[in-house]
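One structure is given below, encoded as structure tokens.
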Amino acid sequence: MKTNPGRFFEDLRLGQTIRHATPRTLTAADAALYTALYGSRFAVQSSDAFAQNAGHPRSPLDDWLVFHVVFGKTVPDVSLNAVANLGYADGRFLKPVYPGATLSSVSEVIGLRESSNRQTGVVYVRSTGFDETGEPVLAYCRWVLVRKRDATAVVAEERTPDLPAAVEPAALGAACPPIGAYDAELGGSPHLWGDYRAGERIDHVDGVTVEEAEHQLATRLYQNTAKVHFDAHAAAGGRFGKRLVYGGHVISLARALSFNGLANAFHVAAINGGRHVAPLFAGDTVYAWSEVLRTAEIPGRSDVGALRIRTVATKNRPCADFPDRAGDGYDPSVILDLDYWALMPR
Amino acid sequence: MKTNPGRFFEDLRLGQTIRHATPRTLTAADAALYTALYGSRFAVQSSDAFAQNAGHPRSPLDDWLVFHVVFGKTVPDVSLNAVANLGYADGRFLKPVYPGATLSSVSEVIGLRESSNRQTGVVYVRSTGFDETGEPVLAYCRWVLVRKRDATAVVAEERTPDLPAAVEPAALGAACPPIGAYDAELGGSPHLWGDYRAGERIDHVDGVTVEEAEHQLATRLYQNTAKVHFDAHAAAGGRFGKRLVYGGHVISLARALSFNGLANAFHVAAINGGRHVAPLFAGDTVYAWSEVLRTAEIPGRSDVGALRIRTVATKNRPCADFPDRAGDGYDPSVILDLDYWALMPR
Amino acid sequence: MKTNPGRFFEDLRLGQTIRHATPRTLTAADAALYTALYGSRFAVQSSDAFAQNAGHPRSPLDDWLVFHVVFGKTVPDVSLNAVANLGYADGRFLKPVYPGATLSSVSEVIGLRESSNRQTGVVYVRSTGFDETGEPVLAYCRWVLVRKRDATAVVAEERTPDLPAAVEPAALGAACPPIGAYDAELGGSPHLWGDYRAGERIDHVDGVTVEEAEHQLATRLYQNTAKVHFDAHAAAGGRFGKRLVYGGHVISLARALSFNGLANAFHVAAINGGRHVAPLFAGDTVYAWSEVLRTAEIPGRSDVGALRIRTVATKNRPCADFPDRAGDGYDPSVILDLDYWALMPR
């Protein structure tokens, strides 16, 4: 068969390495499309002149754009037969990515755990994005629940990997050159790193309604082919009856909304964890709020500090009262619970 | 509070200068997106080779794209609490903008006039867009009706600025280098400046239906954050029950439609005035017609002449019979009444 | 009249040459938008690094993007008054097109045949796209049914041109420089030219639902102004009651879907024929399947071979059972029947 059936749980082996197809050269066009899709306003990624003052040769590409492109390549090989995307950990941005870079992805299977009903299993992969020089620009772990082709198939070896609860501050400066002048007024807020405190919560106020065309354009831009995002005809007979929005689209929407309150958090340096708590559909309106979990100095860096931020996104419910976990689960409006490190000038 | 509440009427002072956040580098990608959003076909902005023959080093960015980007930056500071965008005057394009330029905006408060009910007031600003060299590329005035936070607040000083009814022809060549060869056949029409007469009316014939995804993509591309364009959940409880299309989106649609009849009007040189007469919603179809108000020579320029054009856009009503003012107001189909100068080869 | 009424059947003459308006410079932004619109994953067009290994100075623009841009320019002059787009033949890609190229189009009328009812006639044109150096990049024939302005008008001379059933293999290498290293794993499939056999059929499995905003963005990107794609208000009173999706959009969707099964068919070298069997509307889901009609060596080329492929696209019907011609017509789900040559590494 010449078409790709995707891998099933029993097709994967611990330690297996998969080189994913379709390297992609990213350009200023991807940055412009990213702006059109999310309305992001972080000045370092928006202005070459601002970025040059802040230590870059030109505007780097948005960190989440890099993530989505690296992630998208893994889909045909890792999650074509996935039931659910369960989580992320140990995501580290390792090198700034500028327009002109060509990204490719490689994944290593670092964990396998069959479900008790033997119909599915959890696959843990560490995916790494490389640029055209062969240097890594991003590494992250994710785990997904993948169907078995044959429930009776025996899995060779299982292991649940040991993943850190959070990335250490010492690792956070890798993709951030020393910043020079940072003009906070052009940045959009007078508040810098020293103005934030652990425990502080910020309602990002604004909401954005998602259209089918928007998430489809975005997800295709990332060459992510997961059919649940694109095929309304098949979805009509499925669990939700309609197309699902790519979870990464929600992350980027929430990040763009977070500008209102975190305008100078110009760089996402690491992903500690994340859960897509509930699905998002076109027509829904996304809101977000954030909590500062921790403030940290970065060893050797007096120019920037790190904020460990938890951003919660909801649908169809403004976040003035911070909808959150509730009972064993979450408030029904919550769709995303993301834990990451962002850098801010000191 | 770390989020931006926007300025209310009483927060503004005559002479106050506001440096707006998030400079933005525009590239050929913005030009391509602009083409995809509006279908503009003016040859100077479409082809580097054509533009070079016409005196440019390469295709300049569309004048309205420059306007929207400069405008977008002013929204969080000037019109976040606006009730209505009332008008424009004295808009002048001062320098051609090419891909690679980084634009930033500064506004000066040039007028304040409290409403008699003391709930709102009219704010007049002159906004100027600068490129990365610090040179101005566009200046224009607009006035908006802005809410007061506190109806009893006293306004320090009021003034209604004296704004010109139209920009003088001598100012119209600033962003248009001397054109060399101009190939009217490739330009799309045999009609040049000398073929147009004051009083002439042109139905632009074609119509274009607007989708939510389109105006949202456009408005985000301009980093314009006015929530009325994006938040269907909040809009459901508002005056119109749905999202409003950014008025500048209508201007760009009308300008693109005007190619059919004004194909060689390759450069918008000035904005004399403009009113967003009625709101546009997704699902509506936009049509347009134009009247030549005046033809003018530009002092010192034998290569190009100016047409003062009034373009009227409608929704859901073709313009063969030129829907216009009616009684004290307008025909109910009219959504835009725009007065501008365009240049055309002689 | 200053607006373009389009040409009617009796306005055209055999041998007439039309230079179409609005040359356009294509950039990496058009490539990125093309990716966002279709999700194409062919590695040569996606990665500069991959393309360089495969003999190009950088990624060439997608062949169908080039086609759509060349085609779009012909619409205001050839098919503004068309009733139907009937077919294509003898399409040959003549030179690779890289970002930065400026394309313009010229059409020659090569056939005219009045309908027996004298209300319409079939117009055959050979359209050629040129780059800024004046070299042709693409030539193809198409024929359209065009209305007469006046049924009684007499047509000077009629002729049905003699068009080849298929392009000869010797002509297929013109836009494909000798490929060097080709990494099939990064290309997305282990299957190369020698693995395909005439008669082989491939279900491309995936489906994609089309939104109004998507096809409008695409069609405007190509500066194709055919009003049936854009004006819902006028369409409401027309034959279908709604906007029609541009047929070329369907071709690009089917081509992108065909990656799943034909991942290494990296270059469309020629168009042998094509029929838009039925209209596509927003909300429909497109599927596709292909049959290998013939495998051919290209004289003088040991690096690549050619596959003559027939791709059939359907709406709202998966293609596991290869919906095809039925009786005198087609299965009602079929919307496109396209016959082309693609190149694949040997």
Considering only the stretch B:160-194, state which residues are touching a residue at least 24 places away in the same chain (Cβ under 8 Å), within 14 Å of another protein chain (Cβ to nearest Cβ) and assigned to a helix (DSSP H, G or I). B:Ala184, B:Leu186, B:Gly187, B:Trp193, B:Gly194
Working only within the stretch A:161-196, note down all residues that are buried (at least 19 other Cβ atoms within 10 Å of the Cβ), of a type in the set (A, V, I, L, M, F, W, C) and more than 22 Å from A:Arg58 (Cα to Cα). A:Val167, A:Trp193
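Counting just the residues of the stretch B:136-160 that are in contact with a Lys or Arg (Cβ under 8 Å, 6 or more places away or on another chain) and open to solvent by less than 40 Å² (accessible area, probe 1.4 Å), which one comes out farthest from B:Leu112 (Cα to Cα)?
Taking the stretch B:136-160 and keeping what is in contact with a Lys or Arg (Cβ under 8 Å, 6 or more places away or on another chain), we get B:136-141, B:146, B:148, B:151-152, B:156-160.
Subset that is open to solvent by less than 40 Å² (accessible area, probe 1.4 Å): B:137-141, B:146, B:148, B:151.
Details: B:Val137: 26, B:Leu138: 22, B:Ala139: 19, B:Tyr140: 16, B:Cys141: 13, B:Val146: 10, B:Lys148: 12, B:Ala151: 15 Å.
Here the answer is B:Val137.
Keeping to the stretch B:40-62, report how many residues are among the polar types (S, T, N, Q), part of a loop (DSSP other than H, G, I, E, B) and more than 7 Å from every other protein chain (Cβ to nearest Cβ).
Count: 1.
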From the list B:Gly55, B:Gly39, B:Gly15, pick out the single residue that is within 22 Å of B:Asn264 (Cα to Cα) and over 23 Å from the mean Cα position of the chain (by Cα). B:Gly55
In the stretch B:316-339, how many are open to solvent by less than 40 Å² (accessible area, probe 1.4 Å) and closer than 22 Å to B:Val208 by Cα? 11
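What residue, of A:Leu37, A:Leu112, is touching a residue at least 40 places away in the same chain (Cβ under 8 Å), within 13 Å of chain B (Cβ to nearest Cβ) and either open to solvent by less than 10 Å² (accessible area, probe 1.4 Å) or farther than 23 Å from A:Cys141 by Cα (or both)? Quick ask: steps written out before the conclusion?
Values: A:Leu112 fails: within 13 Å of chain B (Cβ to nearest Cβ).
A:Leu37 is the lone residue from the list that is touching a residue at least 40 places away in the same chain (Cβ under 8 Å), within 13 Å of chain B (Cβ to nearest Cβ) and either open to solvent by less than 10 Å² (accessible area, probe 1.4 Å) or farther than 23 Å from A:Cys141 by Cα (or both).
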Kindly indicate whether any position in the stretch A:213-226 is farther than 30 Å from A:Glu291 by Cβ, over 20 Å from the mean Cα position of the chain (by Cα) and crowded, with 24+ Cβ neighbours inside 10 Å. yes
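With respect to B:Ala84, determine if the residue is among the aliphatic types (A, V, I, L, M) and without any contact (Cβ under 8 Å) to a residue 40 or more places away in the chain. I'd like the intermediate steps shown before the answer.
Values: among the aliphatic types (A, V, I, L, M): yes; without any contact (Cβ under 8 Å) to a residue 40 or more places away in the chain: no.
Against the criterion (among the aliphatic types (A, V, I, L, M) and without any contact (Cβ under 8 Å) to a residue 40 or more places away in the chain), B:Ala84 does not qualify.
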Among (1) without any contact (Cβ under 8 Å) to a residue 24 or more places away in the chain; (2) farther than 15 Å from B:Phe259 by Cα; (3) in a loop (DSSP other than H, G, I, E, B), there is one condition B:Ala213 misses while meeting the rest; what is its number? (3)
Does C:Val106 fit the bill of being farther than 29 Å from C:Ser258 by Cβ, open to solvent by 10 Å² or more (accessible area, probe 1.4 Å) and in contact with a strand residue (DSSP E or B) (Cβ under 6 Å, 6 or more places away or on another chain)? yes
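Going by what's in this entry, would B:Gly91 be described as closer than 20 Å to B:Ala171 by Cβ and buried (at least 19 other Cβ atoms within 10 Å of the Cβ)?
On the way: closer than 20 Å to B:Ala171 by Cβ: yes; buried (at least 19 other Cβ atoms within 10 Å of the Cβ): yes.
Considered against the rule, which asks whether it is closer than 20 Å to B:Ala171 by Cβ and buried (at least 19 other Cβ atoms within 10 Å of the Cβ), B:Gly91 comes out as yes.
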Name the residues in the stretch A:285-304 that are surrounded by fewer than 21 Cβ atoms within 10 Å (Cβ to Cβ) and not aliphatic (A, V, I, L, M), would you? A:Glu291, A:Arg294, A:Thr295, A:Glu297, A:Pro299, A:Gly300, A:Arg301, A:Ser302, A:Asp303
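Does the stretch A:70-86 contain any residue that is over 27 Å from A:Phe8 (Cα atoms), open to solvent by less than 20 Å² (accessible area, probe 1.4 Å) and more than 19 Å from the chain's Cα centre (by Cα)? Walk me through it before giving the result.
Step one: list which residues in the stretch A:70-86 are over 27 Å from A:Phe8 (Cα atoms), which gives none.
So far as the stretch A:70-86 goes, no, none of its residues is over 27 Å from A:Phe8 (Cα atoms), open to solvent by less than 20 Å² (accessible area, probe 1.4 Å) and more than 19 Å from the chain's Cα centre (by Cα).
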Hits in the stretch A:116-135 - residues which are open to solvent by 30 Å² or more (accessible area, probe 1.4 Å) and of a type in the set (Gly, Ala, Ser): A:Ser116, A:Gly134
Within the stretch B:195-234, track down each residue that is within 14 Å of chain A (Cβ to nearest Cβ) and among the β-branched types (Val, Ile, Thr). B:Thr209, B:Val210, B:Thr219, B:Thr225, B:Val228
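Return the only residue of B:Arg239, B:Arg310 being of a type in the set (Lys, Arg) and under 17 Å from the mean Cα position of the chain (by Cα).
Values: B:Arg239 fails: under 17 Å from the mean Cα position of the chain (by Cα).
Just one listed residue meets the conditions, B:Arg310.
Suppose we filter B:Leu14, B:Leu61 for residues that are touching an Asp or Glu at 6+ places or on another chain (Cβ under 7 Å), closer than 24 Å to B:Ala254 by Cα and at pLDDT 95 or above; which single one remains?
Details: B:Leu14 fails: closer than 24 Å to B:Ala254 by Cα.
After applying the criteria, what remains is B:Leu61.
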Can you tell me which residue within the stretch B:249-268, out of those that are more than 10 Å from every other protein chain (Cβ to nearest Cβ), of a type in the set (A, V, I, L, M, F, W, C) and within 14 Å of the chain's Cα centre (by Cα), is farthest from B:Ala282 (Cα to Cα)? B:Val268
What number of residues in the stretch C:1-33 are more than 8 Å from every other protein chain (Cβ to nearest Cβ), open to solvent by 10 Å² or more (accessible area, probe 1.4 Å) and not hydrophobic (A, V, I, L, M, F, W, C)? 8
Taking B:Pro99 as meeting all but one of (1) within 14 Å of chain C (Cβ to nearest Cβ); (2) part of a loop (DSSP other than H, G, I, E, B); (3) open to solvent by less than 10 Å² (accessible area, probe 1.4 Å), write down the number of the exception. (3)
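Given the options A:Arg126, A:Arg147, name the one that is under 18 Å from the mean Cα position of the chain (by Cα), at pLDDT 95 or above and among the basic types (Lys, Arg).
Details: A:Arg147 fails: under 18 Å from the mean Cα position of the chain (by Cα).
So the residue among A:Arg126, A:Arg147 that is under 18 Å from the mean Cα position of the chain (by Cα), at pLDDT 95 or above and among the basic types (Lys, Arg) is A:Arg126.
Are there strands (runs of 3 or more DSSP E) fully within the stretch A:238-346 with at least 2 residues that are among the acidic types (Asp, Glu)? List them.
Values: elements: A:267-276, A:285-298, A:301-315, A:334-345.
Strands (runs of 3 or more DSSP E) meeting the threshold: A:285-298, A:334-345.
The values are calculated or read from the model by the stated rules, or taken from the named source; none is laboratory data. The shown structure was predicted, so the numbers you read here are calculated from the model rather than taken from an experiment. Backbone-built Cβ (ideal geometry, glycine too); neighbour counts: all protein chains shown. Keep in mind that these areas ignore ligands, DNA and RNA; they rest on the heavy atoms of the full protein, side chains included. Shrake-Rupley method; radii C 1.70, N 1.55, O 1.52, S 1.80 Å.
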